[in-house]
Amino acid sequence: MHQLLRLLYADQQTPPGKLFRFESFDTREIRETVGQLVIGVNGYDLYESLIKLREVKADYAEKDRLYKAAILSLPSPEGLTSVAILNTRLGELNTRKVRITNEIRTVDSIVEEDQAKKFVAERQVMRRRLQKLAGELQGSEQRLSDLEGEQGEINQFIEHLEQQLAALSAAENLSFRLGTIEFQYCPACLKPLSDKQAQHCIVCDEIIDEDKAKSKYFELKVDHELQIRESRQLLTMKAAEVERLESEVRTLRRAYSSTMADFSSRYDVSNSPREAYLAERYKLLGGLEREAEYMEELRATLQRIDELSVQRSTLNDEIALLEAKIKRLEASYMARVAKAMNLVGTIGKRILTKDLKRQEAFENPTAFSINFGDDAMLVDGKMNFAESSNVVLKNTAILSLLLAASYDADFWHPKFLLMDNIEDKGMEEKRSHNYQRILIEESKNAKFPHQIIFTTSMLDPTLEPSGLTVGPHYTRQMKTLANV
């Protein structure tokens with residue numbers, strides 16, 4: 001209510017160029033909110049919808065994050081993306097477990113005595129396979145180590161060539177800056193040297209070929225650049241070879257580990273075909289049980305994914321509904337603002353044209369507007385006038401709001417106004433009297449009941465007998481506190 005009263009009271013302390021009564025702690029948001037409330041904009045639904053939309057979007061973002069994280073945790077190559085597929089896989093695992101359990105139970109009828117020789121032969125074959133895999137793995141690891149060493153050496157060589165190339169460029173630049181060295185005395189015997197012909201060495205009298213010297217620098221630089229380029233090409237080839245060998249080593253390590261595990265389960269703890277058969281079957285059974293446990297964990301993950309998917313869909317629908325509602329409210333908001341401010345502008349222009357011809361901009365304005373956020377009133381886009389005209393403009397703005405509410409029932413203005421600055425800032429008496437008559441005329445023509453209270457020290461004489469005044473007329477002889 002306090003903020004609302006700032007638009008209903010025009011005092012003498014607030015600068016006339018300001019719409020709201022002055023307050024130390026004031027923000028644009030407060031003024032916008034008060035202005036929207038006065039002109040009848042229902043901002044509560046819009047504000048609540050925006051807050052709700054922000055909360056729902058945050059909730060959706062969290063559910064979407066959890067959903068994507070759960071999706072990424074699934075073993076996508078296996079195609080386990082639904083509970084139905086998982087149930088099918090679990091059924092297959094149970095069938096295999098039953099079959100293997102039956103094989104363990106009937107091992108004596110499956111494994112015959114004459115399989116001992118076959119058992120020994122298979123163990124030898126697998127041992128030779130392990131030895132071959134170990135040899136291949138060791139050879140690949142050695143080649144990989146050698147290649148990595150060669151890469152290091154090539155990098156050092158390239159770094160050395162680049163340093164040499166930089167040194168050549170620096171030497172060439174220094175030679176160009178210093179030029180030829182002029183000797184006045186022989187560096188061997190210290191005797192004065194006689195003048196020599198141009199382009200001849202002053203010491204040995206040999207012909208100096210500057211182009212040949214420059215071309216020597218050029219040849220050395222080109223040679224270094226070629227070596228650097230070729231070394232980098234070789235380094236690229238080595239890197240490709242290293243990448244291929246790393247892949248090969250990983251494959252060999254997996255094959256060796258798998259074969260070693262298979263060999264250990266079959267032959268390390270088995271001395272007969274029967275024991276090997278049972279060890280292999282128990283290993284398979286243990287693997288199936290572990291896989292079944294893993295599938296059960298996946299089932300819980302998939303159920304969680306289904307729940308998150310439903311929640312995401314529900315939240316997405318709610319977001320769409322809220323956004324549609326906000327668009328409708330914003331359209332209604334804009335329509336209401338346009339209608340209300342158009343009425344305020346029409347009334348404001350009508351009042352300003354009735355003012356005495358003291359301000360040219362007021363005589364026939366094309367636009368009168370109020371900007372609540374900027375705390376400003378504008379006439380044809382301008383807001384700075386003579387001080388007395390600023391008082392007229394301020395009074396017109398708050399009066400236009402009240403009168404607009406007296407014509408439009410959708411305004412939430414209390415239809416009350418207190419004006420304590422009717423002729424502030426040196427306004428001439430004739431102009432004050434004219435504005436008092438305008439105010440009363442507009443009040444009489446208003447549609448809805450309202451109340452306007454204004455104070456003046458220059459009362460229009462024609463209003464004295466009107467019955468609208470309150471209290472006696474005070475003068476220097478008849479002071480306001482005379483009877484106190």
| remark: Given a Förster distance of 45 Å, the FRET efficiency implied by the Cβ-Cβ spacing of C186 and D223, rounded to the nearest 0.05, works out to 0.80
| remark: Residue span T101 to E307: 0.36 nm per residue of separation minus Cα-Cα distance leaves a gain in nm of 70.5 nm
| For the pair Q451 and A376, how long in nm is the line joining their label points, each one 7 Å along Cα→Cβ? | 3.5
| note | Two pseudo-spin positions, 7 Å from Cα along C-beta at A261 and at Y44, lie apart in nanometres by 6.8
| Farthest toward positive dipole pole in the stretch 6-74 [+1 Lys/Arg, -1 Asp/Glu at C-beta], among L50, F25, I39 | L50
| Say each of T27 and I71 gets a label point 7 Å from the Cα, pointing the same way as Cα to Cβ; how far apart are those two points in nm? | 3.9
| query | Considering only Cα-Cα distances, which of the following residue pairs are longer than 24 Å: K339/K430; K327/K415; K57/K325; K327/K394? | reply | K339/K430; K327/K415; K327/K394
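Taking R0 as 45 Å, what FRET efficiency do you get between Q142 and A61 from their Cβ-Cβ distance, rounded to the nearest 0.05?
On the way: r = 52 Å, r/R0 = 1.16.
Efficiency, from the Cβ-Cβ distance: 0.30.
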| task | Work out, step by step, the length gained on full extension between L4 and T314: first 0.36 nm times the residue separation, then minus their alpha carbon distance; give nm to one decimal. | result | 107.5 nm
| 3J(HN,Hα) from dihedral phi, the stretch 17-29, Karplus parametrisation 6.51/-1.76/1.60, rounded to Hz, x for glycine, proline | x, 9, 7, 7, 4, 4, 8, 5, 9, 9, 9, 4, 4
| field | Whole-number D in µm² s⁻¹ for the stretch 345-484, Kirkwood Cα-pair radius fed into Stokes-Einstein, 20 °C, 1.002 mPa s | value | 133
| message | Please give the Cα centre distance for the stretch 1-63 versus the stretch 305-321, rounded to the nearest Å. | response | 33
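Can you tally the net charge around A446? Count Lys and Arg as +1, Asp and Glu as -1, for every other residue whose Cβ sits under 14 Å from the Cβ of A446.
Numbers: positive: R350, K415, K444, K447; negative: D408, E441, E442.
Here the charged neighbours net out to +1.
Can you give the FRET efficiency to the nearest 0.05 for A300 and L356, using r as the Cβ-Cβ distance and R₀ = 60 Å? Write down the numbers at each step before the final one.
Details: r = 85 Å, r/R0 = 1.41.
Using R0 = 60 Å, I get an efficiency of 0.10.
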| said: Expected output is a single nm value to one decimal: the length gained when fully extending between I154 and M334, i.e. 0.36 nm times separation in residues minus the C-alpha distance. What is it? | reply: 57.6 nm
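The numbers here are math on the coordinates, done by the rules we state, and not lab data. No experiment lies behind these values; they were computed from the predicted model shown. Positions of Cβ are generated from backbone atoms using ideal geometry, with glycine treated the same way; all protein chains shown enter the neighbour counts.
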